[in-house]
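In what follows, a structure is listed as structure tokens, so that the remarks can point back to it.
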Amino acid sequence: MKGIFETPVERDLPPGAAARMRSDLMASVHRPRSRRALRLGVATVATAAAMVAGVAMVPSGDDVRHLAMGPSELSPTLRRSMEQCLSWNEEMERLPVSMDQLAVAAEQDHRAVALFISETGYFTCEVSAAPHQEISGAASSERDWPQRNWLPGPVQRLLLVSSRVNGGDVAATGRVSARVHRLVLEHGDGQTTTARLANGVFGLITEDANANEGAELVSYDDTGAEIDRRPLFRPSDEFDHCYGDPSGTVVYGSPGTNCLPAERWSR
């Protein structure tokens, strides 16, 4: 996977991993600038591996693809990856989460990504468990999440993994408000991928199609009307505008004029 994470400071790395860390690229996870990311274990990556998957298992050699909206949909291999994520999280004491708090997870081949959401924060994780290689991964979390109950508009992307910067095969997760009944990724070349929605979260993974720099997430209400459109390969929309709750309190962005309405999130 192509790398977008910042390299963590050495004191945050597992013992002995600092030197080896410099030769590896981080997983391509786009996240708000204030979050901290941590690389885990040791990875040997010769080329950028695409994180692509489908909604169901696809028996095509080693190209195993799966998207799970919650712990009840996990495949055996994806469950093992999630257990590894939880083990790392416990060792780092980042955020108390359990398998029951898994919102969405995806896998292809020997790589997996996940989003856990708790009552106070969230934890994201990427795991690489290729045969004959040490397990490696990356993690990001926010323990105290003041905006947990609000979204910057109807959609908020929290995790994005792609096979190259601003394009390629894509896996994305995030949250949606109750207004969103359908969410589609327009690849920028006429092709589309429809996200799965469940309990206020979404997951999408492109299959046999690449997104390009012009890709957009487009949401629709229950009448089929378009209600939101935003670029996929750009930091969260909270940085482009300010968003306020009904009382006028700014929830996202810097205070300013003409703030857009933040939308309530419930799960």
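Below is a table of values for the structure above.
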item: Derived scalar couplings ³J(HN,Hα) [segment 248-256; Karplus, 6.51 cos²θ - 1.76 cosθ + 1.60; whole Hz; x for Gly, Pro]; result: x, 5, 6, 9, 10, x, 8, x, x
item: Computed accessible area, residue 259, all protein chains, 1.4 angstrom probe, square angstrom; result: 50
item: GluC sites (Glu not before Pro) restricted to DSSP loop in segment 104-196 with at most 11 other C-beta within 10 Å; result: 119
item: In Å, descending, principal axis extents of the Cα set of segment 64-181; result: 44, 33, 28
item: Sequence ranges 190-198, 145-153, 219-227, ranked by mean other-Cβ count within 10 angstrom, highest first; result: 145-153, 190-198, 219-227
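The values are calculated or read from the model by the stated rules, or taken from the named source; none is laboratory data. It should be emphasised that the depicted structure is a prediction, and the values quoted were computed from it without experimental measurement. Glycine gets a Cβ as well: all are built from the backbone with ideal geometry, and neighbour counts include every protein chain shown. Note: areas computed on protein heavy atoms with side chains; ligands, DNA, RNA excluded. Shrake-Rupley method; radii C 1.70, N 1.55, O 1.52, S 1.80 Å.
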